[in-house]
Amino acid sequence: MFKKQSIFFSLILSVIAFKGFSQQSVPLSLNMKNVGFTFVLNAQGTPEYKISYGKNEAVKTSVLGFKLDQGISLAENFKLLKADSVTVDETWKPVWGEVAQIRNHYKQLTVHLVQQGQKPILLDIVFRIFEDGVGFRYQFPVQDNLKSFIVKEELTAFNMTGDHKTFWIPADFDSNEYKYTSSPLSAIDARKWGLISSGTIEGNIPDQSAVQTPLMMKTANGLYINIHEAALIDYPSMQLHVDKSTFALSSSLVPDARGNKAYMRTPFHTPWRTVIVSDKAIDILSSKMILNLNEPAKIENTAWIKPMKFMGVWWEMQVGKTSWNYTDQMETLHAEGKYIPNGRHAANTENVKHYIDFASKNGIEGLLVEGWNKGWEEWTDDKEEKFDFVTPYPDFDVKAIADYAKANNVKMVMHNETGGSATSYERQMDTAFRFMNKYGYGSLKTGYVSGIVPRGEHHDGQWMVNHYIRSIKKAADYHVMIDIHEPTRPTGLHRTYPNFMASEAGRGNEWNFFADGNPPEHETILPFTRLIGGPMDYTPGIFKLRNYAPGAPDRQMHSTLAKQLALYVTMYSPLQMAADIPENYAAHMDAFKFIQDVAVDWDDTKIVEAEPGEFITIARKAKGKNDWFIGAITNGNKRASSVKLDFLDQNKEYTATIYADGAGADWKTNPESYQIKTIKVNAKSMLKLLLAPGGGAAVSIRPLDK
């Protein structure tokens, strides 16, 4: 099923061997345009590196190394055996994505080190220098003195040059769904928001000075720096400890139930550690470095992998109108084996057909149904066996629904919530996927709400990182696309496994129902943080912005309706959900037209303007078409955005339909106000978009001949 593919269009390869270097040798340096990189062994034989951008330091001299079990410290006394340099310039085509093709141009430096002593240990470090940053990883070659070992600590450091403005969330081992804080490094407090994951704050956020990656920073002299990782496989997720006095960041790996970080055997390599840097914010969003650091697609036949829009029997349960569970009387079920319906169950045959009808009539390809299978009454319990992934509730007719969806040209999207019980899900995976194939489910959303089983493991630890990949591979075996909720942050693995379409791994739109919601600046930060590693299932498109939650009249979206449309462009995903219920869309079919029209797969993307925490404007060209779509969003401040349309074809006329905030629009007091207008434009035109506080604008541009 899986096969590595060579898809190079061009390859320039040069190998230079550096010989005769000692610990006191001249540093090894490489440059790519404005990015400079230097490696050195210091007087103690400790590996160190530094990164510059133009004339400015981006990362000061920082150490590299490990602490292993058996008292082994790989932090000093190294000697350079040799160094190899390779230059690569290639172009490859993603199965789907933000652009039709991607250039992968870098210089690679591999340093081969040996730690001197009675039992010498070999360690290679591979650095790749791109025009927009640096990626590096450790490689442990086969050797007599190191075979199986345990990583106790990774010592990788990223020493910052000052108290940078930082956009961060706490380093919680089991959740990424926190609001972002914008503060100096010195003001980071990981326990600021309390705890939203299962467990205790001491157990899940033991380090009050640790944050998640991707970590976005801006320096006082205007550099934008993003730290993350790429190709996270068979290793725990990396968090960052912040020294608030020196502004030094250091790797902090998520532990397992025993407190260990990773179990390894040579040969082995770690994920890539990544530093994206530029003096322009738009370059951070344009970077393809993390994708380039991942392996090419391992799926030989990708014809069945198709980006799509879908609706869901979901939001009505989120806001409390209906329920996932079929009964509220589990005692009767356990005692007598009888389900007593609560009368509020959403995933019933009649209701599902209602959604299918709306999706079919309005050109929405897919329909997700949550709460269809047995187990929802106990899904957040600590027990291991919670869900049955093939047995529906009594009011959900699987075959009738599958037949009805097929007859109406709607693709059903399966839902497998595990309640965190990964062991139970692994035992049932093949059975669940065969069930999907039988009833025509080509897409799957999984979930891991609650504490993880095996108990003591964490969502972001090595065991679960491998579990998520096992589920992706298993889905590919059955030709099923997968969207994972509550996983670790993505690291570009959708290049290697293109059926891995999206994930949550962040604070999505649903949080506007929970608690105090997402502040207006939230969506202007996420593309610089969470989305750096891969697409997010953010679930945009909520049209009823107030009074949608029974018993909570003050609950509302922190967004205007026009901004909800713009998110389909600014929050990239090849799986985009029209998240509201049919009745709320029926009341605004003129605005719903944008959701119907907007693409989910792209030939080109232009980052027009961006500033983390303030605003983002993006233009994208639909795959295989001459249609363009623009999304512009702002934070809590109103904004005027001017968009040059010079990316359009010259000597061609277009029709632009603008979905904008209306008169008096404001996310807090008048979020429903919007206006739609159509104008003629060409490559010389400039659009002037007025964004309300918490607002946005969405634009559909099509050639006049359409």
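Those strands (runs of 3 or more DSSP E) of the stretch 215-289 in which at least 3 residues are in contact (Cβ under 8 Å) with a residue 24 or more places away in the chain, within 28 Å of residue 55 (Cβ to Cβ) and not aliphatic (A, V, I, L, M), considering only elements entirely within it, cover 224-230, 272-278.
Scanning the stretch 461-516 for residues that are outside any loop (DSSP other than H, G, I, E, B), under 25 Å from residue 548 (Cβ atoms) and over 13 Å from the mean Cα position of the chain (by Cα) yields 509, 510, 511, 512. The sole residue among 309, 321 that is part of a loop (DSSP other than H, G, I, E, B) and within 21 Å of residue 539 (Cβ to Cβ) is 321. Which is surrounded by fewer than 18 Cβ atoms within 10 Å (Cβ to Cβ) and either under 30 Å from residue 129 (Cβ atoms) or under 24 Å from the mean Cα position of the chain (by Cα) (or both), of 338, 288, 280? Residue meeting the stated conditions: 280.
For residue 70, only one of the following conditions fails: (1) modelled with pLDDT of 95 or more; (2) open to solvent by 40 Å² or more (accessible area, probe 1.4 Å). What is its number? The one condition residue 70 does not meet is (1). Residues of the stretch 531-542 include at least one that is closer than 17 Å to residue 175 by Cα and outside any loop (DSSP other than H, G, I, E, B). Only residues that are in contact with an Asp or Glu (Cβ under 7 Å, 6 or more places away or on another chain), open to solvent by 40 Å² or more (accessible area, probe 1.4 Å) and more than 27 Å from residue 636 (Cα to Cα) were counted across the stretch 676-706, and they come to 4.
Counting only residues that are within 17 Å of residue 487 (Cβ to Cβ) and open to solvent by 50 Å² or more (accessible area, probe 1.4 Å), the stretch 167-198 holds 2 of them.
The single residue among 98, 76 that is farther than 23 Å from residue 225 by Cβ and either hydroxyl-bearing (Ser, Thr, Tyr) or not in a strand (DSSP E or B) (or both) turns out to be 76.
Within the stretch 144-162, can one find any residue that is out of contact with any helix residue (DSSP H, G or I) (no Cβ under 8 Å at 6 or more places or on another chain) and closer than 18 Å to residue 521 by Cβ? No, there is no match, as no residue in the stretch 144-162 is out of contact with any helix residue (DSSP H, G or I) (no Cβ under 8 Å at 6 or more places or on another chain) and closer than 18 Å to residue 521 by Cβ. Filtering the stretch 348-391 to residues that are assigned to a loop (DSSP other than H, G, I, E, B), farther than 14 Å from residue 578 by Cβ and among the hydrophobic types (A, V, I, L, M, F, W, C) leaves 372, 379, 387, 389, 390. If you go through the stretch 350-395 and pick out every residue that is open to solvent by less than 50 Å² (accessible area, probe 1.4 Å), closer than 30 Å to residue 601 by Cβ and of a type outside the set (S, T, N, Q), you end up with 14. Could you go through the stretch 442-450 and let me know if any residue there is touching a Phe, Trp or Tyr at 6+ places or on another chain (Cβ under 9 Å), hydroxyl-bearing (Ser, Thr, Tyr), open to solvent by less than 40 Å² (accessible area, probe 1.4 Å) and in a strand (DSSP E or B). Yes, there is a match, as at least one residue in the stretch 442-450 is touching a Phe, Trp or Tyr at 6+ places or on another chain (Cβ under 9 Å), hydroxyl-bearing (Ser, Thr, Tyr), open to solvent by less than 40 Å² (accessible area, probe 1.4 Å) and in a strand (DSSP E or B).
Within the stretch 412-441, the set of residues being assigned to a loop (DSSP other than H, G, I, E, B), within 24 Å of the chain's Cα centre (by Cα) and farther than 19 Å from residue 453 by Cβ comprises just one member, 441. Looking at residue 251, is it touching a Ser or Thr at 6+ places or on another chain (Cβ under 7 Å), surrounded by fewer than 24 Cβ atoms within 10 Å (Cβ to Cβ) and under 24 Å from residue 526 (Cα atoms)? So residue 251 fits the description; yes.
Screening residue 665 against (1) modelled with pLDDT of 95 or more; (2) open to solvent by 20 Å² or more (accessible area, probe 1.4 Å); (3) more than 24 Å from residue 282 (Cα to Cα); (4) of a type in the set (A, V, I, L, M, F, W, C) leaves a single unmet condition, (2). Taken over the stretch 656-677, the criterion of being within 20 Å of residue 617 (Cβ to Cβ) and among the β-branched types (Val, Ile, Thr) is satisfied by 657, 658, 676.
The values are calculated or read from the model by the stated rules, or taken from the named source; none is laboratory data. Just so we're clear, the structure is a prediction, and the values are computed from it rather than from any experiment. Positions of Cβ are backbone-derived with ideal geometry, glycine not excepted, and every protein chain shown enters the neighbour counts. The area values use the complete protein model at the heavy-atom level, side chains included, leaving out ligands, DNA and RNA. Shrake-Rupley method; radii C 1.70, N 1.55, O 1.52, S 1.80 Å.
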